[in-house]
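Below: the structure, in structure tokens.
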Amino acid sequence: MHPLTHDLLAPGPTRIMGVLNVTPDSFSDGGRWLDRDAAVEHGRRLAGQGADLVDVGGESTRPGSARTSEQEELDRVVPVVAELAADGIAVSVDTMRASVARACLEAGAAMVNDVSGGLADDAMPGVMVGSGAPFVAMHWRGLLTDPQERPAYDDVVEEVCRELTERAEALLRAGLAREQVVVDPGLGFSKDAAHNWTLLAFLDRVVALGHPVLLGTSRKRFLGRLARRGGELPDDPSTPTDRDAATAATSLLGAQAGCWAVRVHDVPSTRDALAVWEMVRRAQDR
């Protein structure tokens, strides 16, 4: 077992995973942290603000994005992972490639966060079996090559739960230990706004699958069109950086449902929202 597995996944308050995109084209902050030194400094900042782990990604998964080459992804993330890990910061790597996962684990990463759940690269489960590190398997129905593609579900909660269970069971058959597997309902991936809101309303059913749950809503488009007091939706969505208050609210929903961690760009707003929830829980227990 990876030495940080117990600490990262042990029962306790909902963790905060800070997002560090080492990319030129991520939807929210593409290009801001592409420089290695800037990325490392931001990773340290996220940890200092209260992130329990920093999620380093070198390939954008926004709808319509083209895949980054393997070498480019390695060049972007491995030095950043190595430097942050050397500082004692718990680091996860956000990648769909087994080669990148292996290199980052060797550089000191404590976790792998794969939006494809191991489906994009057949070698990924083998890398994880050998490492003993936690593995986040997101609900995935393929690359979002067409940003206008309309996802279809008869019952989004039932189908996401079933498909996550099938993916987790496949990973266990491949040799991963049960305590390694974390699941993510994949809000915004092959899901429209209505699907996202429904999954948020029934997060307890995802938690009931029995695996730690990572919730990733941060700055996503569906949070940019919130109903006004009269119930009407605005004509134009807000910009990604204007969605941190809404992200903090969904983080609180995740904590209330029992999610293991929430993945966010802005740590302080979510940190404070989760602190409020923790204070209320303590008051209830007195």
* Counting only residues that are at pLDDT 75 or above and in contact with a helix residue (DSSP H, G or I) (Cβ under 6 Å, 6 or more places away or on another chain), how many does segment 31-42 have? -> 3
* To do: Go through segment 185-212 and give me each residue that's modelled with pLDDT of 95 or more, out of contact with any Ser or Thr (no Cβ under 7 Å at 6 or more places or on another chain), open to solvent by 10 Å² or more (accessible area, probe 1.4 Å) and not in a helix (DSSP H, G or I).
  => PHE202, ALA208, GLY210, HIS211, PRO212
* Any pair with Cβ under 7 angstrom, 6 or more apart, that starts in segment 266-286 at a residue that is closer than 10 Å to LEU252 by Cβ and ends at one that is assigned to a helix (DSSP H, G or I) and polar (S, T, N, Q) -> THR270/THR247; THR270/SER251; ALA273/SER251; LEU274/SER251; TRP277/GLN256
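Being more than 11 Å from LEU215 (Cβ to Cβ) and surrounded by fewer than 19 Cβ atoms within 10 Å (Cβ to Cβ) is the filter here; which residues of segment 257-268 pass it? If you could, list the steps in order and put the result at the bottom.
Pass one, segment 257-268, residues more than 11 Å from LEU215 (Cβ to Cβ): 265-268.
Correct list: PRO268 only.
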* Structure fact -> Residues of segment 114-155 being at pLDDT 95 or above and in contact with a Lys or Arg (Cβ under 7 Å, 6 or more places away or on another chain), in sequence order, are GLY117, ASP121, VAL127, ALA137
* Structure fact -> Counting only residues that are at pLDDT below 60 and assigned to a loop (DSSP other than H, G, I, E, B), segment 5-30 contains a total of 6
* Would a scan of segment 235-254 turn up a residue that is without any contact (Cβ under 8 Å) to a residue 24 or more places away in the chain, open to solvent by 60 Å² or more (accessible area, probe 1.4 Å) and either within 22 Å of PHE202 (Cα to Cα) or in a helix (DSSP H, G or I) (or both)? -> yes
* **Criterion (in a loop (DSSP other than H, G, I, E, B) and closer than 26 Å to LEU46 by Cα) met by exactly one of ARG219, ARG228, ARG271, ARG281** => ARG219
* **Yes/no for VAL181 being touching a residue at least 12 places away in the same chain (Cβ under 8 Å), surrounded by 14 or more Cβ atoms within 10 Å (Cβ to Cβ), within 15 Å of the chain's Cα centre (by Cα) and farther than 26 Å from PRO268 by Cα** => yes
* To do: Could you grab me the full set of residues in segment 215-234 that are out of contact with any Leu (no Cβ under 9 Å at 6 or more places or on another chain), open to solvent by 20 Å² or more (accessible area, probe 1.4 Å) and more than 16 Å from ILE16 (Cβ to Cβ)?
  => ARG221, ARG228, ARG229, GLY230, GLY231, GLU232
* Does ALA109 satisfy the criteria of being modelled with pLDDT of 95 or more and out of contact with any Gly (no Cβ under 8 Å at 6 or more places or on another chain)? -> yes
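The values are calculated or read from the model by the stated rules, or taken from the named source; none is laboratory data. Computed from a predicted structure; not experimentally measured. Glycine gets a Cβ as well: all are built from the backbone with ideal geometry, and neighbour counts include every protein chain shown. Calculation scope for accessible area: heavy atoms of the full protein, side chains included, ligands and nucleic acids excluded. Shrake-Rupley method; radii C 1.70, N 1.55, O 1.52, S 1.80 Å.
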